[in-house]
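The values are calculated or read from the model by the stated rules, or taken from the named source; none is laboratory data. Computed from a prediction, not measured in an experiment: that's the story for all the values here. FYI the Cβ positions are ideal-geometry reconstructions off the backbone, even for glycines, and counts take in every protein chain you see.
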Amino acid sequence: MSEFNLGPNGAQIVASDLIIENAELIKSAIEMYEDYYVIFDTPGQIELFSFRPSSPLIVDILSEGQAMIAFVADSIIESTPSGFISQKLLYGSIMSRFFKPSMFLLNKTDLITDEELQKIESWENSTDALNEDFMNEKQALNKQYFLSILSAFKESGLMTKIHKISSKNMTGLEDVYADMSLYFTGGEDYDTLYKDE
């Protein structure tokens, strides 16, 4: 920050752009480890990484094309119809930015009730249910506009499996790992097989 005379956000933007200059060095450091999967946590403010010009290239270099995007949604925001729709729009923007297989992770599920979680799942399974609850929440809005958005969600594949996780309770992470293994290895758990040798 002091070298470039930047504030926190500016420093994160420059840091994201500087990663591309050191991508091969970072990749060689990763290859020293014997882990089958490597997770990169990027800034929660998605514009600080996801919308930088170099970011898709960084992902391709570090993963050699074997990458999956995990979009982490906040369950408290997701528990209202408008919050659900907002986070799905962000998820769609990330998918269209990186063109990689993606997972929708619903984090902090320990902070919402079982009823709220069931409601979120009902919205995921039925755009009609989502539309009805959304119109009850935001009655003055343009109904046809949001019907079109919800229809696009359904047709585009944005309404997909929700991985319900809680880092506090350590729940749901096994399902995430299993689906990653299913995608990359057809369900074979090479990481476990390797470690058992």
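Listed by first and then second residue, the pairs linking a residue in region 148-167 that is over 17 Å from Asn107 (Cα atoms) and of a type in the set (Ser, Thr, Tyr) to a residue that is part of a helix (DSSP H, G or I) and modelled with pLDDT of 85 or more, with Cβ atoms under 8 Å apart and 6 or more places separating them unless they lie on different chains, are Ser151/Thr127; Ser156/Gly92.
Going through Glu3, Glu34 one at a time, which residue ends up being under 24 Å from Leu173 (Cα atoms) and more than 21 Å from the chain's Cα centre (by Cα)?
Numbers: Glu3 fails: under 24 Å from Leu173 (Cα atoms).
Selected residue: Glu34, the only one of Glu3, Glu34 that is under 24 Å from Leu173 (Cα atoms) and more than 21 Å from the chain's Cα centre (by Cα).
Each residue in region 91-128 was checked for being within 12 Å of the chain's Cα centre (by Cα) and within 14 Å of Leu150 (Cα to Cα), and 2 pass. Scanning region 60-103 for residues that are farther than 16 Å from Thr42 by Cβ and in contact with a Ser or Thr (Cβ under 8 Å, 6 or more places away or on another chain) yields a count of 3. Checking the structure you have, find out if any residue of region 112-131 is in contact with a strand residue (DSSP E or B) (Cβ under 6 Å, 6 or more places away or on another chain), part of a helix (DSSP H, G or I) and among the hydrophobic types (A, V, I, L, M, F, W, C). Checked against the condition, which is being in contact with a strand residue (DSSP E or B) (Cβ under 6 Å, 6 or more places away or on another chain), part of a helix (DSSP H, G or I) and among the hydrophobic types (A, V, I, L, M, F, W, C), region 112-131 yields no hits at all.
Among residues of region 23-39 that are farther than 23 Å from Val176 by Cβ, those with a beta-carbon under 6 Å from a residue that is part of a helix (DSSP H, G or I) at least six positions away or on a different chain give the pairs Ala23/Ile58; Ala23/Ile61; Lys27/Leu62.
Let's see how each residue does on (1) in contact with a Pro (Cβ under 6 Å, 6 or more places away or on another chain); (2) within 30 Å of Phe134 (Cα to Cα); (3) of a type in the set (D, E, K, R); (4) crowded, with 16+ Cβ neighbours inside 10 Å:
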site	(1), (2), (3), (4)
Gln12	yes, no, no, yes
Ile30	no, no, no, no
Pro43	no, yes, no, no
Ser50	no, yes, no, yes
Ala73	no, yes, no, yes
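Filtering region 54-99 to residues that are part of a helix (DSSP H, G or I) and more than 29 Å from Ile20 (Cα to Cα) leaves Ser75, Ile76, Ile77, Glu78, Pro81, Ser82, Gly83, Phe84, Ile85, Ser86.
The set of residues in region 10-47 being assigned to a helix (DSSP H, G or I), touching a helix residue (DSSP H, G or I) at 6+ places or on another chain (Cβ under 7 Å) and under 26 Å from Gln87 (Cα atoms) consists of Gln12, Ile13, Ser16, Ile46.
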